Structures are given as structure tokens and as C-alpha cells.
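Computed from the coordinates by the stated procedures, all read-outs in this text should not be read as laboratory data. All of these numbers come straight from a predicted model, not from anything done at the bench. Every residue, glycine among them, receives a Cβ derived from its backbone with ideal geometry; neighbour counts consider all protein chains shown.
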Amino acid sequence: MVRTAPVALALSIGVLTTALPAWGAEPPAVDPAIRTGERATRDAAFIIGNEAYAALPQATWAQQDAESFQSWSELTRGVTSRRRVSLTNADTATMDKWLRRMRWRARKGGTVWVYFAGHATLDEKGRQVLLGTDASGDRLSGIPVTEVANSLARNRAVERIVIVVDAGSGAIGRGGFELVPGRSLPEAGPTKLDPRAVVWSAETTAAQPQLYAPARHGLFTWSVLGALRGWADGELDGEPDGKVTLGEAQAFVARAPTLLGRVASPSVDARPEVFDWALAQGSYLEPAPGESVFEALAQEDTDARLRAAEARVREDAAAFWADTVAIAQQGGPEGRAALEAFVGEFSGATVSVTRAVHVPQALDAVRMLHAWDDGAPPKPPPVADGAAPVQIEPCDDLLSLEGPAMLGQLSPGQALCLEGRLKTERLQTTKNKISRLMIVNAEVKGDMGEWEVLMHRHLEDIDRSDPDLCMRYAVFLHRQNDLETAEDAVRWADVALENKQLWEGEAHVRKVSGLLRLRAEAAHRLWNAAEQSYRKETTAENDRAVREFRGWAKDYSREWLDYARAAGGKTDTAYQLCRTAAGTESFCAEAP
């Protein structure tokens with residue numbers, strides 16, 4: 001009988017790294033992370049890379065994947081060190097301990113980012129479980145993904161929870177080996193997530209998560225990091241707008257395996273309420289690599305998998321041949337039968353490698369479906385029992401709504417219509433106009449709670465290019481005189497200063513000086529609070545906070561002082577703040 005060695009596309013390249021030749025085409029890099037200078041002071045990040053399991057196969061490149069995601073969260077997203085925790089080769093108890101601690105790390109309106117690379121499987125209830133390094137064949141200990149999401153959701157101030165899981169839920173783990181030989185898997189059970197949570201997984205089938213050897217990353221993580229660098233911008237409508245939404249990112253990651261000639265089934269969450277979440281935005285976003293790049297990579301990947309499959313057959317034959325020769329040398333009928341068996345097994349051995357084909361028209365069809373409008377009006381949100389439903393009123397003519405908005409007199413029906421349009425509108429300029437109308441209306445009618453929510457959404461998800469809006473939000477946060485808003489005040493002052501060239505004359509000097517002062521005062525407030533915390537509890541974390549915020553206070557005070565001197569303004573307060581933070585007069589002395 002002729003041996004045929006089909007190599008399924010899901011076969012992990014990680015198993016075959018010793019057999020792979022050198023790669024010619026270099027995949028687009030996702031490391032190092034792009035350094036943006038952003039500070040996501042409301043966000044928290046919990047990152048786990050479990051690679052070295054005590055009683056299970058190694059989870060190939062899990063630690064490197066986690067380090068890369070940690071770098072993205074720090075350098076690109078800007079999650080502060082005090083709100084970011086990274087674990088390497090953590091057991092279940094450690095994972096659970098830090099999960100409970102992370103619950104309160106994010107602040108009001110923030111996003112909790114959870115990343116896991118390692119092994120996962122289904123428990124007896126059919127739930128995907130993230131396995132700690134203490135997991136074993138008779139005790140697959142870990143934490144259900146739903147438990148991670150719902151535990152973090154107990155912090156009601158959190159706006160979003162994004163859980164990225166580069167692990168499967170089948171019998172095969174990262175690296176291509178069975179987690180527990182012979183273990184039968186239960187059927188996947190229903191999942192119930194908090195509506196603010198999204199679980200983004202490498203595989204929705206029983207297949208194992210694939211590795212991408214040329215990048216030395218999991219294929220899923222490499223694709224996710226690429227999407228967050230900007231490769232997914234415009235994925236669904238072909239029009240990059242400087243922002244990557246969850247819908248765009250998941251669509252790109254779902255298409256990336258096909259671009260590389262692979263077959264994979266990463267999860268896609270199509271709920272309207274999460275589809276437009278902005279995961280990354282700014283001028284730093286990179287354009288996606290061209291299809292010709294992916295075509296070259298796909299051909300290289302297919303050739304390498306084919307050569308690896310051929311090498312495995314030859315290795316099997318070499319091992320079988322040694323036994324065959326030993327038996328043949330004994331002579332007799334058994335020796336002859338051994339040789340005949342070898343011939344029958346290997347004389348016509350074949351291998352096959354499945355390659356997915358990327359069809360560009362399929363992407364065009366996806367984009368057309370994404371923009372499809374059957375004319376159905378948006379449905380009003382559910383209302384409490386006994387309450388009269390709000391009737392949606394027309395809001396097509398934005399110009400006619402400017403007057404009512406400037407008087408704070410938009411009706412509930414108009415506001416509901418605008419909110420619906422904001423979620424479905426694809427033109428960024430129109431979304432900008434809608435959002436500004438709602439902000440003006442809230443401010444004029446004196447509802448500053450609503451104004452804060454609308455302004456935060458506008459700057460985070462829609463547009464941050466107007467320095468006046470950023471400055472107003474920074475001033476509003478600064479005047480709260482609250483440590484919970486001080487970091488945000490500094491952040492939005494920084495964003496306003498990035499576009500200060502739009503101001504002219506005396507207004508330029510006044511606004512820039514005011515923002516520099518705001519940053520210096522907020523930094524001093526944070527430094528003083530950190531000093532108090534350190535005196536109460538002398539931990540390494542509190543010590544880091546003291547050093548970080550004192551550095552802010554020194555730098556921001558000196559920047560304000562230098563600007564005031566150059567502009568001919570008053571310098572007394574700026575000098576005093578600089579002198580206090582620096583602890584020396586020389587640091588704040590005027591340059592000769």
C-alpha cells in the first residue's frame with residue numbers, strides 16, 4: 001500500500017521549524033511597536049504569556065507574542081505602567097489573583113485590554129478555559145474566558161473589555177501536539193458575556209491556533225498586531241480614515257490567513273454596539289502591505305510547508321529503512337516480506353499541501369455588503385416598563401438642526417435619530433458634524449455630565465484634530481481638581497499642543513501658555529499624591545509612581561517656564577514649580 005501524507009493547512013509550522021529552509025520573503029514587521037507618545041490613562045492591560053507548561057507540551061512563541069502585545073499596549077496605546085500587568089508562565093492561582101486585582105485598575109470610561117497566549121481547552125461545561133502552567137492531564141486547571149470578562153465587568157465604570165486569546169479550544173495546542181493524548185472534548189456550551197466585553201479568539205473551530213514561522217509569532221497575534229498598526233484601516237469600505245475599528249480589525253485578521261494561503265477561523269463579533277469601537281487611531285497608522293507582498297509570502301509559505309512535509313516522509317522512511325535492513329539481513333521469508341513492505345510503503349509516497357486562494361472580488365463583495373442599506377429605519381432602544389417610547393424624529397438635514405442645538409433645544413427624538421446616524425454613518429466628516437451638534441446641545445442646556453461623555457467619545461473615537469476642543473476638554477478635566485482626571489488633563493493638553501499651529505497671534509500665545517501651565521500644575525498634583533501614597537506604603541510600585549510624576553513635574557514646569565520667558569510673560573509661578581520639582585536652582589536657571 002502506498003503511503004500518502006496529506007498535510008492539513010492547520011498543521012502547525014512550529015512543529016516543523018527544524019525542517020524549514022531559510023525564508024526568502026520577509027513578512028511585514030510588527031515589532032518593535034510604534035512609539036506614539038499617547039497616554040491612555042483610563043485604560044488597563046493584563047497580559048499573559050504561558051509558554052513553559054510543567055506537564056503539557058510547550059506553547060511555542062507564546063512568551064514572545066505576549067511581549068509584543070505588551071509593547072503595543074505601552075508604546076502605541078499608552079497604557080501607563082501602574083495600570084499594566086504582564087505575567088510570564090503563570091500558574092492558575094497567580095492568574096486568578098491578578099485578575100481580581102486588575103478589576104479596579106481601569107478608570108471611568110476606560111478600556112481593559114486582556115491578552116493571553118498559551119494553551120486553552122474546553123472544560124466539562126463546554127467553556128473555553130485559559131490554562132495556567134500548572135495544568136496537567138488529570139487537572140486541566142485554568143480560568144474560563146467568560147469568567148475573565150464577567151469578573152472585569154464588575155467594575156461598572158469600565159466602558160469596554162477587549163480580550164484577545166491566541167489559543168484554541170480543541171485537543172491540539174500551540175505547537176501542534178495533543179494537550180492530553182486520548183482526551184475527548186465536550187461540546188462547546190453557550191457563552192454569556194457582559195455586553196461591554198468582546199472575546200477575540202484565534203480559532204472558533206477545534207483546529208489548533210497556527211504559528212507563522214517567518215515572523216516567529218502566532219499567526220493570529222501577528223495579524224492582530226498588524227491590524228492595530230494600521231493595516232486594517234479602511235478594511236471594510238476601502239477608505240482609510242486614520243482609525244481602526246473593532247469591525248475593521250476583526251475583518252482584516254479573518255482575511256489575513258487567506259492572504260497567506262492558510263485556512264483559519266478567528267472569531268468575529270458583529271454586534272452593532274461593539275462593531276465601531278475605535279481600537280487605534282492617529283497619524284501614526286501604517287498602510288496595509290500590498291496584495292503583491294502577501295502573494296509572495298503565500299507562495300513562500302506554501303513552498304516551505306511542502307518541503308517540510310516531504311522532509312517528514314523522508315525522515316519516516318530513513319527510520320523505517322534501518323529496521324527493514326536489520327530484518328532483511330536475517331534472510332528467509334521475513335526478510336523478503338520486510339523489503340516488500342518497504343517498497344509498497346515508500347516507492348510512491350506523496351504529500352499534499354492545501355493552499356487557500358485569495359480572491360480580491362470577495363473583499364469587494366464584503367465591502368458592498370457592509371455599505372448595504374435596505375432603507376429600514378433604526379429601531380428605538382428599549383424603554384422601562386410604563387415609560388412612553390421616544391419617537392424618532394427626522395435628522396437628515398444637519399444644517400437645520402444647528403439652530404436648536406445652539407439653544408440646547410434638540411428634542412429627544414432628534415437626539416435619538418442623531419445617535420442612530422452616528423453609529424451607522426460611514427463618512428467621517430458627517431460623523432464629526434453629528435457629534436459636534438450633540439456636544440453643543442448638551443453644553444448649552446447645562447448638562448455637563450452628558451457633555452463630558454459626548455466630548456470623550458468625540459475625541460477618542462471620532463476626531464481629535466481640533467485643538468480648541470482638546471483644550472476645552474483638558475481644562476474641564478483639570479478643574480475637577482481630582483487625581484482621577486489629572487492624567488487625562490495632561491494627555492488632552494498634549495493632544496491640543498500637537499495642533500497648536502492652527503492658532504495665530506495673541507490667541508496662540510495665550511492658549512499655549514495656558515496649556516503648558518495646566519500640564520505643570522496637574523503633574524505637581526500627581527507627584528504630591530504619589531509622595532503621600534509612598535509615605536503610607538513604601539512599595540516598589542509607589543516608588544515608581546513618585547519618580548515618574550516628579551519627572552513630569554520637572555519637565556512640564558521647565559517647558560512652561562521657558563515659554564513664558566520667550567513670550568515675555570510672568571515667570572514667578574512657573575519658576576517656583578520648576579524649583580520645587582527639580583530641587584535645584586540650576587535646572588531652572590535661564591540659559592545665558
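Observations on the model:
- Span from the the range 404-465 Cα centroid across to the the range 190-212 one, whole angstrom: 34 Å
- Isolated Cys in the chain, by beta carbon distance under 4.7 Å: Cys470
- Label-point separation in nm, Asp323 to Val263, each point 7 Å along Cα→Cβ: 3.1 nm
- Taking amide H positions as modeled 1.01 Å from N, with prolines and chain starts lacking one, the residues under 5 Å from Ser201 and 5 or more places away or on another chain are Val165, Ser267.
- Of interest is the spacing of the C-alpha centroids, which for the range 486-554 and the range 82-112 amounts to 26 Å.
- Bridge orientation summary for the chain: considering DSSP beta bridges with both residues in this region, about 30 percent are antiparallel.
- Average projection area in nm² (convex hull over Cα atoms of the range 21-140, one quarter of hull surface): 9.8 nm²
- Taking the Cα centre of the chain as reference, the dipole from Cβ charges on Lys and Arg (+1) and Asp and Glu (-1) amounts to some 1580 debye.
- Approximate spin-label separation Lys500-Arg479, in nm, with each point projected 7 Å along Cα-to-Cβ: 2.2 nm
- Estimated vicinal HN-Hα couplings, Hz - the range 186-193 in sequence order (Karplus 6.51, -1.76, 1.60; Gly, Pro = x): x, 6, 5, x, x, 10, 10, 10
- Modelled FRET efficiency - R0 25 Å, Ala54 with Glu541, Cβ distances, 0.05 increments: 0.30
- Every Cα-Cα pair in the chain was counted, and those over 46 Å apart are 27% of them.
- For Tyr212, the amide hydrogen comes within under 5 Å of the amide hydrogens of His217, Gly218, Leu219, counting only partners 5 or more places away or on other chains and with H modelled in the peptide plane.
- Average projected area [Cα convex hull, the range 262-378], square nanometres: 13.6 nm²
- Neighbour-limited loop hits for chymotrypsin sites (Phe, Trp or Tyr not before Pro), the range 22-68 (at most 14 other Cβ within 10 Å; DSSP other than H, G, I, E, B): none
- Each helix, a run of at least 4 DSSP H residues, gives -39500 (n - 2.57); summed and divided by the residues of the chain, these come to -15000 deg cm²/dmol at 222 nm.
- Once the C-beta distance of Phe587 and Glu67 is scaled by a Förster radius of 30 Å, the resulting FRET efficiency is 0.25 to the nearest 0.05.
- Partners for Lys433 among lysines (Cα-Cα distance below 25 Å; same-chain residues under 8 apart left out): Lys243, Lys379, Lys423, Lys445, Lys500, Lys511
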